[in-house]
Amino acid sequence: MYTKLRRILTLMVLPALCLISLGVPSVGIAASDIVVTVSDPDSIGEKTSEGNTVNTVMSTPKVSFGENRVLGTLRITGKKDVSVPVKPGNKVMVSLPVGACYMRTPTAETYKNYVEWPDFLDGEKNQIQDTKNEPGIKFISGTPRSIIIEVGNIDTAGKIMVLDFVFNKENYSRVRVSRLIDVAKEYNKNPDEKVTRLDFFKSLADLTVPFPSCPLKIVQDDKILAERFLDLSEISPQDLDKIKPLIDSEVIVGYQNLLEPGNYLTRAEAANAVGRLFPISEQNTDFTDDLPAWALGLKAAAARGIITGYPDGTFKPDQFITKSEVLTILQRTLESYETTYKSFKS
């Protein structure tokens, strides 16, 4: 699948800064959008009103599923009729959708790989300027799929205001893009519904094979799948090809000689599968209920914060997992992949 950034932007507007969602429509098999949301973190949920800035996508690259994908540059500029569009203390939050994440989480040391404020643009001085004691833009916080910055210094002698959010720095602000974007759009329609084992396995396969930084060591097993499971006739050849690497690598396990693809997935089964992508963990969990002995991957998933329990301390391993819980677990899995030079050397 390939996607292409749109230049036509829509959106909600809050006081001081325009809020927008940048659609990235696909032109391949799946009709999906990558939606990058820009917002004022101090005004979420407030009544919208006219803002002082204009948002523009500066490039329209094609994007495919995988790692280190370039999404282009989002430029925020001041409206022509507003002399000083922003002031120190104004904040901006940029968020990627479920199914995507930065290659690395932004930090105070690395945030200039994610946001830029040029001193001059087309010969005009930018109002956002560094001083000896104050950066033009301050880092507030970052997550694997968002960054919050704050305006630090404004020089009113400048004639323009320019702030660029970039998605082009290799292993930093470039993006992991997965098919979970498509799944999220569908699952969010009925978030409390249960998920079948096959649907989960397909989504997990889409989150592993295309990503070099996934820690799973793919094993090619020549053993005929029909000799392992007797119910594979319930799965299409295309779906079977997709999940075979996870079967060969023992991420997917069945019930003796049955895969039970149409059964609903339990929380323990989901946690065990994602945990098997990572090295085994001996760290005990804090869950207060009994966990199945066969779910060896559950500890690894818990150790990485991929799975969490309920407020009462239980995990409820035998409870069927919901679509919203699947989205959370798979997104955390994608975000847990480490970005290292070694990951991309090959």
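The numbers here are math on the coordinates, done by the rules we state, and not lab data. Predicted, not measured: the structure shown is a model, and the values here were computed from it. Cβ placement follows ideal geometry from the backbone for every residue including glycine, while neighbour counts extend to all protein chains displayed.
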* Stretched out fully, how many nm does the piece from residue 289 to residue 263 gain, at 0.36 nm a residue minus the Cα gap? -> 7.0 nm
* Asked: Once Lys and Arg get +1 and Asp and Glu get -1 on their Cβ, which of 251, 265, 89 lies farthest toward the positive end of the dipole of the chain?
  -> 89
* **DSSP-loop trypsin sites (Lys or Arg not before Pro) across segment 221-299, with at most 14 other Cβ within 10 angstrom** => 223
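I need 177, 63 ordered by Cβ neighbour count within 10 Å, fewest first. Show your work: numbers first, answer last.
Values: 177 28, 63 22.
Listed from fewest to most nearby Cβ atoms, that is 63, 177.
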* Label point distance in nm, residue 37-residue 190, each placed 7 Å from Cα along Cα→Cβ -> 2.4 nm
* With P(r) over Cα pairs in 10 Å bins from 0, in percent defined as stated, name the option among (i) 5, 23, 29, 22, 13, 6, 2, 0; (ii) 5, 21, 25, 22, 14, 8, 4, 1, 0; (iii) 5, 21, 30, 26, 14, 4, 0 computed from the structure displayed. => (i)
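Can you list the GluC sites (Glu not before Pro) in segment 162-215 that are in a DSSP coil and have 13 or fewer other beta carbons within 10 angstrom?
Filter output for segment 162-215: 170, 193.
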* Of 281, 100, 173, farthest towards positive along the dipole that unit charges on Lys, Arg, Asp, Glu beta carbons give the chain -> 173
* Structure fact -> Each label sits 7 Å from Cα toward the beta-carbon; between residue 155 and residue 82 the label points are separated, in nm, by 2.2 nm
* Structure fact -> Taking r as the C-beta separation of residue 318 and residue 58 and R0 as 56 Å, the FRET efficiency to the nearest 0.05 is 0.65
